[in-house]
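Taking it in order: structure first as structure tokens, then the write-up.
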Amino acid sequence: MRRHLRIAAADDEANMQDYLRELLPRLGHEAIVARSGRQLLELCRMSAPDLIITDIKMDDMDGLEAAEAINRELSVPVILVSAHNDDDLRSRALRDHVMAYLAKPVKQADLENAIEMAMMRFAHFCALRQEASDLRQALEDRKLVERAKGIVMRRLAVDEEDAFRRLRKIASVHNHKLTEVARAVLTSEEIFTALEHGGAPAPAGERARSAADRRSPGKG
């Protein structure tokens, strides 16, 4: 059954604020909407939301800064929203507690999928955090496991949740940490890539594509 979430959202455009106030309850969630990054920070301190949806570029404090400040006090998954869809923003969106990324205009189906993806990835992150010695290590481990999930998804043609489940099962069966299994997957992928090129290092273009493949597909 789909979980009812308390979602804090922020955007400096009035029409987007109204859109989120209307759409999130329609999807079965409680909406707490801010008009700035600073107001988002204050609302999150008072309401302890389950999820944050925030625009990146706002006048007083951008969405990434607000998300980072909030996650120094609370551990909350974040969906970033932007009118711009470029590689630089996507790379910024892969850090820390950011679990998904949406480009404007935001459609209902895309937002619904992003919420589901963000909560799933956050559950994966929480599982990693149990293994890690501290938050910083958990954040680094998340990047490693995201890359391994991408490889499993591509090679086995499975979705993200199934890829994570398979990695955890291997870790459990062999009494390894999830990060150890992820490193083994990455090492195996490098070996297979070399074998596919006759044992020689892959050309620069192929290495770039291989690196892209190692990223987990999806909107995040």
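Residues whose amide H lies under 5 Å from that of residue 34, counting only those 5 or more places away or on a different chain, are 9, 10, 11; hydrogens are built 1.01 Å from N in the peptide plane. Here the residues 179, 193, 187, ranked from fewest to most Cβ neighbours within 10 Å of their Cβ, fall in the order 187, 193, 179. Within the straight-line cut-off of under 12 Å between alpha carbons, the aspartates and glutamates reachable from residue 57 are 11, 12, 13, 65, sequence neighbours fewer than 8 places apart in one chain being disregarded.
Neighbour counts of other Cβ atoms within 10 Å put 110, 134 in the fewest-to-most order 134, 110. Under 24 Å Cα-Cα from residue 169, which lysines qualify once same-chain neighbours fewer than 8 residues away are excluded? Answer for residue 169, where 24 Å is the Cα cut-off: 143, 149, 177, listed by chain and number. Taking the number of Cβ atoms within 10 Å of each Cβ as an exposure proxy, the fewest-first ranking of 181, 145, 158 is 158, 181, 145.
Around residue 38, under 10 Å between beta carbons, what's the net of Lys plus Arg minus Asp minus Glu among the other residues?
Summing Lys and Arg as +1 and Asp and Glu as -1 gives -3.
Across segment 61-66, rounded Karplus estimates of 3J(HN,Hα) from the backbone phi angles (6.51 cos²θ - 1.76 cosθ + 1.60, θ = phi - 60°) give 7, 6, x, 5, 4, 4 Hz, Gly and Pro being marked x.
Among the trypsin sites (Lys or Arg not before Pro) in segment 11-61, those located in a DSSP loop and surrounded by at most 15 other Cβ atoms within 10 Å of their own Cβ are 57.
FYI, it's all coordinate maths here, none of it is from the lab. This is a predicted model, so every value here is computed, not measured. Because the Cβ atoms are built from the backbone with ideal geometry, glycine has one as well, and the counts that use them run over all protein chains shown.
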